[in-house]
Amino acid sequence: MAMLHQRLEELDIDMPGPTSPPLPRLTRKSDFWYFRREFETRREIQGLSVQTVMRAMGEGGLRLGANIALRADRWVHGRRLARMRVERPLFIIGHPRSGTSFFHGLMMGTDEMVGFRTWQLFWPALVGRRVIRRFVALKTRFGTTEVMPQSVGHQMELDSYEVEEFLFWLRYATALNTMGLLGLAEDDFPEIEQPDRLAEPDRRAALDYLDGCFRRQMIDSGKSQIVAKMHFSTMRLQSLLEYYPDARFVYLLRDPLCTVPSYLSFMIKTMEARGNLDGVSPERLQRMLRRRYRGTLALYRYFHDLQVSGRLPADRVMVLRYDDLMRDVRGSMDRVREFSGIAFSPALEAHIDAKAEAQKSYRRPHAVASLDELGLSRQQILSDFAFVYRHYGITPAA
């Protein structure tokens, strides 16, 4: 990974404070516009070649096929979908690398809740699943199901439960999109980064789509309790609160001195593993790091401002500190059970206890870049995120 020593530019976070007037609404462009922008960015960096076209067509074809299949569902499964209702979903939010994966694994470990396997996130439609499921079974038996190795910081397998935020990746509606080629473009994409600022039709369309994916998964799994890990959807928290009036949210909170370098390292390693950094200049990569740093700061700031302004009802939004979860898994999960109203089966309770015991000997298997390598400093993070340390009483990591 290239050494990036230039100091980050002065931050300019375009988000409303707790007492500032609302910012103007944003409007999304078409999916094809974002796809074209991705392709143009890849061409600018890597040139026009057969490989460039094939990579673009692969992801574009996946999106097109998944969306066609979703439309087909309306004809094939329309009545069943109309009968389903998402009730009391539990959303896991908070910045990536804040313990969201560990917490999600605690909830999903006994296969009792509604969750999405990795392949289902990229094919949420019911139409076509029988064929894909057989393919995944063959891959499991005769090959490998690894999508991303543990060395990048988060292992992904085709048939393991994964982050539901990827559902929005299909629609260019999540910061996961700007962690890829869009993040290397010259443009900024506030309409992707700040979904609560979207015009009402766009906000509604995104959540109608999400709700439809949930209902499909309920049909496919035969289960009813949604537990969705959606870290970047912290930025659509107000929309989710309105759309699901009975939903509960657990916000994982961790020291920015831990999350910032871990997240930026993960982003770079993921892009390297996918070949998206081939030919990328240090200047272009540094610009992306600046943007993602601003995005990290904006996410922390957004939740903080909603909370201190009294817009987050305490009976629906719970703050769970990473350090508390790691120090006392059992006690933390007892709080979650009481807060969410979700009944924990004996098997789930035993799974939580087993994970709590295993956590005592856990050692991080992947390396995290230093702040210096990322062009950051400890003092800068302490200054930029001072509101987090002050409001939540977090002791900065050594």
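Listed by position, the helices (runs of 4 or more DSSP H) enclosed by region 168-233 that each have at least 1 residues that are at pLDDT 95 or above and in contact with a helix residue (DSSP H, G or I) (Cβ under 7 Å, 6 or more places away or on another chain) are 190-193, 200-221.
Yes/no per residue for (1) out of contact with any strand residue (DSSP E or B) (no Cβ under 7 Å at 6 or more places or on another chain); (2) closer than 17 Å to residue 93 by Cβ; (3) in contact (Cβ under 8 Å) with a residue 40 or more places away in the chain; (4) of a type in the set (D, E, K, R):
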{"site": "156", "(1), (2), (3), (4)": "no, no, no, no"}
{"site": "159", "(1), (2), (3), (4)": "no, no, yes, yes"}
{"site": "166", "(1), (2), (3), (4)": "yes, yes, yes, no"}
{"site": "171", "(1), (2), (3), (4)": "yes, no, yes, yes"}
{"site": "180", "(1), (2), (3), (4)": "yes, no, yes, no"}
{"site": "184", "(1), (2), (3), (4)": "yes, no, yes, no"}
{"site": "203", "(1), (2), (3), (4)": "yes, yes, no, yes"}
{"site": "206", "(1), (2), (3), (4)": "yes, yes, no, no"}
{"site": "212", "(1), (2), (3), (4)": "yes, no, yes, no"}
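Of the residues making up region 325-348, those that are among the acidic types (Asp, Glu) and either modelled with pLDDT of 95 or more or loosely packed, with under 13 Cβ neighbours inside 10 Å (or both) are 334, 338. For region 18-39, the set of residues classified as surrounded by 12 or more Cβ atoms within 10 Å (Cβ to Cβ) and at pLDDT below 85 consists of 18, 23, listed by residue number. Could you tell me how many of the residues in region 107-143 are within 30 Å of residue 334 (Cβ to Cβ) and among the small types (Gly, Ala, Ser)? Within region 107-143, residues that are within 30 Å of residue 334 (Cβ to Cβ) and among the small types (Gly, Ala, Ser) number 2. Within region 316-347, the only residue that satisfies the criterion of being touching a residue at least 12 places away in the same chain (Cβ under 8 Å), assigned to a loop (DSSP other than H, G, I, E, B) and either touching a Phe, Trp or Tyr at 6+ places or on another chain (Cβ under 8 Å) or closer than 26 Å to residue 257 by Cβ (or both) is 316.
Just one of the listed residues (254, 316, 274, 287) is in contact with a strand residue (DSSP E or B) (Cβ under 8 Å, 6 or more places away or on another chain) and surrounded by fewer than 20 Cβ atoms within 10 Å (Cβ to Cβ), namely 316. Only residues that are out of contact with any strand residue (DSSP E or B) (no Cβ under 8 Å at 6 or more places or on another chain) and modelled with pLDDT under 95 were counted in region 84-104, giving 3. Restricting attention to region 216-231, the residues that are surrounded by fewer than 22 Cβ atoms within 10 Å (Cβ to Cβ) and more than 23 Å from residue 252 (Cβ to Cβ) total 7. With respect to residue 50, is the statement that it is of a type in the set (Val, Ile, Thr), under 27 Å from residue 280 (Cβ atoms) and either surrounded by fewer than 18 Cβ atoms within 10 Å (Cβ to Cβ) or within 21 Å of the chain's Cα centre (by Cα) (or both) true? Considered against the rule, which asks whether it is of a type in the set (Val, Ile, Thr), under 27 Å from residue 280 (Cβ atoms) and either surrounded by fewer than 18 Cβ atoms within 10 Å (Cβ to Cβ) or within 21 Å of the chain's Cα centre (by Cα) (or both), residue 50 comes out as yes.
Contact annotation: residue pairs with Cβ atoms under 6 Å, 6 or more positions apart or on different chains, pairing a residue in region 63-91 that is assigned to a helix (DSSP H, G or I) with a partner that is basic (Lys, Arg), are 81/215.
Restricting to region 276-307, and then to whatever is polar (S, T, N, Q) and in contact with a Ser or Thr (Cβ under 9 Å, 6 or more places away or on another chain), can you tell me which residue is nearest to residue 188 (Cα to Cα)? Going through the qualifying residues, I end up with 296. Of everything listed in (1) in contact with a helix residue (DSSP H, G or I) (Cβ under 7 Å, 6 or more places away or on another chain); (2) part of a helix (DSSP H, G or I); (3) of a type in the set (S, T, N, Q), the single unmet condition for residue 110 is (2).
Considering each residue of region 234-246, count those that are in a loop (DSSP other than H, G, I, E, B) and closer than 20 Å to residue 166 by Cα, and give that number. Walk me through it before giving the result.
Start the filter on region 234-246 by keeping residues that are in a loop (DSSP other than H, G, I, E, B), which leaves 244-246.
Still in the list and also closer than 20 Å to residue 166 by Cα: 244.
Number satisfying all stated conditions: 1.
Looking at residue 211 and the list (1) within 27 Å of residue 80 (Cα to Cα); (2) within 17 Å of the chain's Cα centre (by Cα); (3) buried (at least 19 other Cβ atoms within 10 Å of the Cβ), which single condition is not satisfied? The one condition residue 211 does not meet is (3). Hey, any hits in region 295-310 for a residue that's part of a loop (DSSP other than H, G, I, E, B) and within 28 Å of residue 373 (Cα to Cα)? No: zero hits.
Taken across region 193-204, residues that are surrounded by fewer than 20 Cβ atoms within 10 Å (Cβ to Cβ) and within 22 Å of residue 126 (Cβ to Cβ) do not occur at all.
Residue 127 meets the conditions (1) part of a loop (DSSP other than H, G, I, E, B); (2) crowded, with 21+ Cβ neighbours inside 10 Å in every case but one. The failed one is (2).
The values are calculated or read from the model by the stated rules, or taken from the named source; none is laboratory data. These figures come from a predicted structure and were not determined experimentally. Cβ coordinates were reconstructed from backbone atoms using ideal geometry, including for glycine residues, and neighbour counts include every protein chain displayed.
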